[in-house]
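This report refers to the structure that appears directly beneath it.
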Amino acid sequence: MNTADLIARFQKVYGTAPQFVARAPGRVNLIGEHTDYNDGFVLPMAIDRDVTIVGAPRADRQVQLHSANFDNDTMFSLDDIEKLTHNTWSNYSRGVADVLQNDGYALAGFDGVIFGDVPIGSGLSSSAATEMATVMALKAAEELTAKGAKNAKTEEKSAVGIDGVSAARYSQQAENQFVGVNCGIMDQFISSLGKRGQALFIDCRSLSYELVPVPNGVTVLVVDTSAPRSLAASAYNERRAQCEHAAQIFGVKALRDVSVAGFERRKGELPLLVAQRAAHVVYENQRVLDAVAALRADNVTGFGQLMNQSHDSLRDLYAVSSKELDAVVDIARAHEGVLGARMTGAGFGGCAIALVKDEDASALAEVMTKEYPVRTGREPKVYACVASDGASWNPC
Ligand code: GLA
């Protein structure tokens with residue numbers, strides 16, 4: 001559904017014209033996996049798939065949402081926000097409104113139609129995109145209301161002023177505290193601050209970031225394994241705990257504080273499994289720094305090799321890959337023009353990416369579509385993605 005379709009849907013559902021379009025993208029991570037919650041480095045890019053909310057402010061404190069993906073509706077009062085066990089798609093929006101209000105923000109109610117073409121549950125951060133699109137919708141509703149009424153909300157903070165980094169933090173908080181998923185900040189951050197044509201090098205401790213151009217002449221091909229991600233949440237939490245354990249033994253705040261040399265000196269102090277998990281994180285942080293340097297030096301080959309090393313480490317040391325992800329990576333690496341391939345996101349199913357020369361991208365997509373089902377018995381979904389702008393809203 002494009003914006004015009006969503007505007008038409010809004011008119012049909014609410015019988016009036018919408019006043020704003022808010023949107024936020026999904027993401028792929030180029031390198032730096034399972035480093036964000038270790039205060040480390042990541043290099044994701046926002047993709048050209050979004051969650052969009054077409055909306056209009058309301059005079060009262062209700063938020064009404066119609067999901068065009070699920071064709072159902074939900075409504076809540078900003079004065080009493082509950083988490084649902086049905087219509088769970090709305091918990092991301094409810095959570096964002098809840099954390100903002102708890103932090104003293106003034107919010108206006110709105111009516112909205114929400115739709116996403118970020119595939120749901122495949123590891124391309126449809127949840128983060130929903131959270132960020134909701135922040136944008138709440139900013140839009142507040143700004144349009146405040147303009148119209150100028151009602152004195154002097155003691156409350158205005159949602160209008162929420163900047164990109166804070167928006168990401170509130171969205172992560174919504175996911176951690178309201179939805180109950182213990183994720184790091186990468187997905188929300190890139191959905192908030194992505195830029196067209198650029199990847200974002202993020203320091204997940206200081207939350208400082210730099211744009212790094214995605215090189216010309218290469219395509220980021222995303223392959224969805226179509227495999228369920230049922231174990232992801234418990235395994236994710238287990239990995240986090242193992243990293244914290246390693247940091248505790250080393251006497252540091254987070255594994256970010258351990259260099260490759262320091263790790264090699266002291267790894268014998270860790271239980272074997274914890275040492276393997278920590279090795280992934282410590283070396284992966286260094287790989288992100290090397291990858292940024294490679295891109296800045298226009299060394300796409302070197303960048304691709306680091307992607308390969310990242311995958312191998314996630315498979316062998318961090319143990320978050322799957323036979324489907326490994327199959328995608330193997331098929332890709334055997335193909336002409338592929339510079340590197342790796343799983344992206346949390347793992348245990350979801351998506352892998354291949355960095356492939358533009359001229360070889362469609363042949364790779366074709367080979368993947370043929371060979372992956374033979375290897376796994378599943379049908380892949382293959383998308384070429386381009387680095388896109390982060391969250392925004394516009395009047396309409
Ligand atoms: C998920 C989480 C992120 C990050 C990745 C792994 O996408 O939401 O915060 O931890 O997994 O890199």
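The values are calculated or read from the model by the stated rules, or taken from the named source; none is laboratory data. A quick note: this is a predicted structure, and the numbers were derived from the prediction, not measured. Cβ atoms come from the backbone with ideal geometry, glycine included; neighbour counts cover every protein chain shown.
State all residues of region 9-43 that are more than 16 Å from the ligand (Cβ to nearest atom) and among the aromatic types (Phe, Trp, Tyr); if no residue qualifies, say none.
Phe10, Tyr14, Phe20
Within region 246-259, track down each residue that is of a type in the set (Val, Ile, Thr) and assigned to a helix (DSSP H, G or I).
Ile249
Any residue at all in region 50-59 that's modelled with pLDDT under 95, surrounded by fewer than 18 Cβ atoms within 10 Å (Cβ to Cβ) and out of contact with any helix residue (DSSP H, G or I) (no Cβ under 9 Å at 6 or more places or on another chain)?
Among the residues of region 50-59, not one is modelled with pLDDT under 95, surrounded by fewer than 18 Cβ atoms within 10 Å (Cβ to Cβ) and out of contact with any helix residue (DSSP H, G or I) (no Cβ under 9 Å at 6 or more places or on another chain), which makes the answer no.
Can you tell me how many residues in region 169-187 are within 28 Å of Pro213 (Cβ to Cβ), away from the ligand (no atom under 11 Å from the Cβ) and among the aliphatic types (A, V, I, L, M)?
Here the count works out to 0.
Given region 1-98, what strands (runs of 3 or more DSSP E) lie entirely inside it while holding 1 or more residues that are in contact with a Pro (Cβ under 6 Å, 6 or more places away or on another chain), over 27 Å from Ser122 (Cβ atoms) and not hydroxyl-bearing (Ser, Thr, Tyr)?
20-31, 41-57
Filter region 44-56 down to the residues that are among the β-branched types (Val, Ile, Thr) and under 18 Å from Cys396 (Cα atoms), then identify the one that is farthest from the ligand (Cβ to nearest atom).
So, considering only residues that are among the β-branched types (Val, Ile, Thr) and under 18 Å from Cys396 (Cα atoms), the one farthest from the ligand (Cβ to nearest atom) is Val54.
Scan region 193-225 residue by residue and report those that are within 13 Å of the ligand (Cβ to nearest atom) and part of a loop (DSSP other than H, G, I, E, B).
Scanning region 193-225 gives a single hit, Cys204.
Hey, does region 101-115 have a residue that's without any contact (Cβ under 8 Å) to a residue 40 or more places away in the chain and either away from the ligand (no atom under 16 Å from the Cβ) or more than 27 Å from Val288 (Cβ to Cβ) (or both)?
Checked against the condition, which is being without any contact (Cβ under 8 Å) to a residue 40 or more places away in the chain and either away from the ligand (no atom under 16 Å from the Cβ) or more than 27 Å from Val288 (Cβ to Cβ) (or both), region 101-115 yields at least one hit.
Name the one entry in Ile120, Ile190 that is in contact (Cβ under 8 Å) with a residue 12 or more places away in the chain, within 16 Å of the ligand (Cβ to nearest atom) and either under 30 Å from Asn299 (Cβ atoms) or part of a strand (DSSP E or B) (or both).
From the options Ile120, Ile190, the qualifying one is Ile190.
If you scan region 197-209, which residues turn out to be in contact (Cβ under 8 Å) with a residue 12 or more places away in the chain and more than 16 Å from the chain's Cα centre (by Cα)?
Hits for region 197-209 are Gly197, Arg205.
One line per residue, one yes/no per condition, for (1) basic (Lys, Arg); (2) loosely packed, with under 13 Cβ neighbours inside 10 Å; (3) in a helix (DSSP H, G or I):
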{"site": "Ala261", "(1), (2), (3)": "no, yes, yes"}
{"site": "Arg265", "(1), (2), (3)": "yes, yes, yes"}
{"site": "Gly268", "(1), (2), (3)": "no, yes, yes"}
{"site": "Ala278", "(1), (2), (3)": "no, no, yes"}
